[in-house]
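K.L.:
Below is the structure I would like to discuss, written out as structure tokens.
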Protein chains: 6
Amino acid sequence: MSKDSIEKFQTQREELNQLVMAYAGQGTKRFYSLDSQAYRAGALPAKVKELLGLVASFVLRCDDCIKYHIIRCFEEDVSDQELEEALFIGLMVGGTITIPHQRRAMQAWDELKQRKSRTSLG
Amino acid sequence: MSKDSIEKFQTQREELNQLVMAYAGQGTKRFYSLDSQAYRAGALPAKVKELLGLVASFVLRCDDCIKYHIIRCFEEDVSDQELEEALFIGLMVGGTITIPHQRRAMQAWDELKQRKSRTSLG
Amino acid sequence: MSKDSIEKFQTQREELNQLVMAYAGQGTKRFYSLDSQAYRAGALPAKVKELLGLVASFVLRCDDCIKYHIIRCFEEDVSDQELEEALFIGLMVGGTITIPHQRRAMQAWDELKQRKSRTSLG
Amino acid sequence: MSKDSIEKFQTQREELNQLVMAYAGQGTKRFYSLDSQAYRAGALPAKVKELLGLVASFVLRCDDCIKYHIIRCFEEDVSDQELEEALFIGLMVGGTITIPHQRRAMQAWDELKQRKSRTSLG
Amino acid sequence: MSKDSIEKFQTQREELNQLVMAYAGQGTKRFYSLDSQAYRAGALPAKVKELLGLVASFVLRCDDCIKYHIIRCFEEDVSDQELEEALFIGLMVGGTITIPHQRRAMQAWDELKQRKSRTSLG
Amino acid sequence: MSKDSIEKFQTQREELNQLVMAYAGQGTKRFYSLDSQAYRAGALPAKVKELLGLVASFVLRCDDCIKYHIIRCFEEDVSDQELEEALFIGLMVGGTITIPHQRRAMQAWDELKQRKSRTSLG
């Protein structure tokens, strides 16, 4: 993973979302809008909601979804240990079949941390 | 679901766990012990961990696992709205295929609340 | 399956939907409403949409969802052979792990046919 | 589970298979016939093939499929320890979400052993 | 995705199918042959069968399978709106975890349309 | 797949495992250690255990896990026909949705055989 893999991911995601929207009917558009609504702070804080989205994506083993929520967890100031504890639950529930996704999740997490550390020092 | 369905569930679960343990090798025993460890309060509080276990079980669509975590969430004083927001994330991530599990989850939740209300009034 | 298993299924489903709605937030309510919208006739006729919902439920192996779409397919005048061809695709895509669901799907289908035949003769 | 739960399972399975076959087209019939072929002794002995079928059914979490292969493993003289080791692999790969299925698998195994022991003593 | 990504996909698929067949036993060969049979026009037209295969692949989240059926749907003259309605059902049933696959499905669909439009104009 | 794709896979896997371990808590470490334990020869020989791990990974459709077990099966002297019979069971249980994984499994297997044949001749 090159140092800008996060940005590449975000750019491609954005471009393809626009393509999906170009073909989308009203139902699909409403579905996407409901999706954003689900993660807004309510009785549960946004941070907990992102951890819920992360663990759900983790046990269903979707790399793109995991990466998206890893980035969001980072933005919500999830700590290393909080992330580790959440993914340990995912690992227990989902089994060793999730391990390749755990590797890629930690790779993205590590990249986010290194990028931030470069910026702080710069 | 009769008013004692929660107790029946817990009794059967306990009996079958004993049967599993009667046949279990060292590996299986360690695995079960690791499972308990995963939900102990750490950087994340026990309540958040139970919500994570619930949503993971929900999107993987395992009724017994969902019921177990519904009971644990109730014990950890999760509120109606917190539960609803967590399951809404599960519903969005997992799709309409999770709806029958949502029905049974809410049925167990409702039973727990009615049981508590009877006890308080009695 | 007794001869009124379809009715029992529909009654329970209705009761639990009301329970879900009693706890539901705005997001959950909109999600359920989107779900109905997805199966309305459009460029694709309602019958094809129900077959799509059936096969999706079949390969994801959700008995309640399969039963719901089996009933809807019956109402949309899907023929025995159309059903068989659709489920054969589901069987090929999803593998032998779907066979127990195929057994229960055909049991529900057979019950619907016998019920109709009794009514016509009565 | 009453002492004749295995027989009830086998009778219902047989009845529903006949119903499926009453509606089945040529493709479905060939698929079912291929399924039997897959478990015949070849380069791998029948016992190993049944263990493979069991673990595949276990991680995909299909109770009926698990029960069928548990019975077949018993008929192929799989030992308690061989079964435990195979299911431990399933448990590790599939995670705690498989635990309710492990409980029911061991319940069926235990019933098979007790039935045999009664017969031997009788 | 470069403009010849569809061709690259088809070439690689063909090469690897030949490799699978070089190792395949009789059972595997029959299974592949049954698979082709499932999508032949019968009581349901080929177009509906391809939509069923597409939605089944979509909710099971297999990119290669989705791409294959997207190409077949295009060949069977599925319209933009028919595709959108079928995938909306997949999106509802399968949830947001299918979204990354929807992005790649629409990317392949868009490429097929642009390729055809270039050919018509050329 | 270039001729050294197996080595590249093993190197990346090792690097990312180290990254996971750098963040891992005690629970995650114990889980990884239990995983190695599950495949050690016991009542079942290591070869059978690797075939069980392979088929479990195959029906759950995880390419990295399949590749890992394909390599281990090769090291345990699984024959072409034993592999084919095991994967045929996986294909039957898991359905056509596993076919893209079968293609990549056989590609890795073929690479392992060609590499060995080059070494023997060299």
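The values are calculated or read from the model by the stated rules, or taken from the named source; none is laboratory data. Computed from a predicted model, the values in this text were never measured in an experiment. Please note: Cβ atoms are built from the backbone with ideal geometry, for glycine as well, and neighbour counts cover all protein chains shown.
K.L.:
Charged (D, E, K, R), within 22 Å of B:ARG61 (Cα to Cα) and in contact (Cβ under 8 Å) with a residue 24 or more places away in the chain - does that describe any residue in the stretch D:65-80?
P.N.:
yes
K.L.:
Confirm whether A:GLN26 is closer than 25 Å to A:ARG118 by Cβ and at pLDDT 95 or above.
P.N.:
no
K.L.:
Of all residues being of a type in the set (D, E, K, R) and in contact with an Asp or Glu (Cβ under 9 Å, 6 or more places away or on another chain) in the stretch D:67-90, which is farthest from the other protein chains (Cβ to nearest Cβ)? Just the residue, please.
P.N.:
Checked the stretch D:67-90; the qualifying residue farthest from the other protein chains (Cβ to nearest Cβ) is D:GLU75.
K.L.:
Next up: For the stretch A:48-61, how many residues are more than 10 Å from the chain's Cα centre (by Cα) and within 12 Å of chain E (Cβ to nearest Cβ)?
P.N.:
Number of matching residues: 4.
K.L.:
Which numbered condition in (1) surrounded by fewer than 19 Cβ atoms within 10 Å (Cβ to Cβ); (2) within 7 Å of another protein chain (Cβ to nearest Cβ); (3) not aliphatic (A, V, I, L, M) is the only one that C:THR119 fails?
P.N.:
(2)
K.L.:
Moving on to the next point. How about the stretch C:46-64: which of its residues are more than 17 Å from B:PRO100 (Cα to Cα) and free of Cβ contacts under 8 Å to residues at least 12 places away in the same chain?
P.N.:
Within the stretch C:46-64, C:VAL48, C:LYS49, C:LEU52 meet the criteria.
K.L.:
Additional query: Which residues, counting only those in the stretch C:91-107, are away from chain F (no Cβ under 14 Å) and buried (at least 21 other Cβ atoms within 10 Å of the Cβ)?
P.N.:
Within the stretch C:91-107, C:ALA105, C:MET106 meet the criteria.
K.L.:
Since B:GLU84 meets every condition but one in (1) closer than 26 Å to B:ASN17 by Cβ; (2) within 15 Å of the chain's Cα centre (by Cα), which condition does it not meet?
P.N.:
(1)
K.L.:
Moving on to the next point. Could you pull out the residue among E:GLN37, E:GLN18, E:GLN26, E:GLN10 that is under 25 Å from F:ASP110 (Cα atoms), within 14 Å of chain F (Cβ to nearest Cβ) and either within 17 Å of the chain's Cα centre (by Cα) or in contact (Cβ under 8 Å) with a residue 24 or more places away in the chain (or both)?
P.N.:
Only one candidate qualifies: E:GLN10.
K.L.:
Which is surrounded by fewer than 20 Cβ atoms within 10 Å (Cβ to Cβ) and within 30 Å of E:ASP77 (Cβ to Cβ), of C:GLU14, C:GLU82?
P.N.:
C:GLU82
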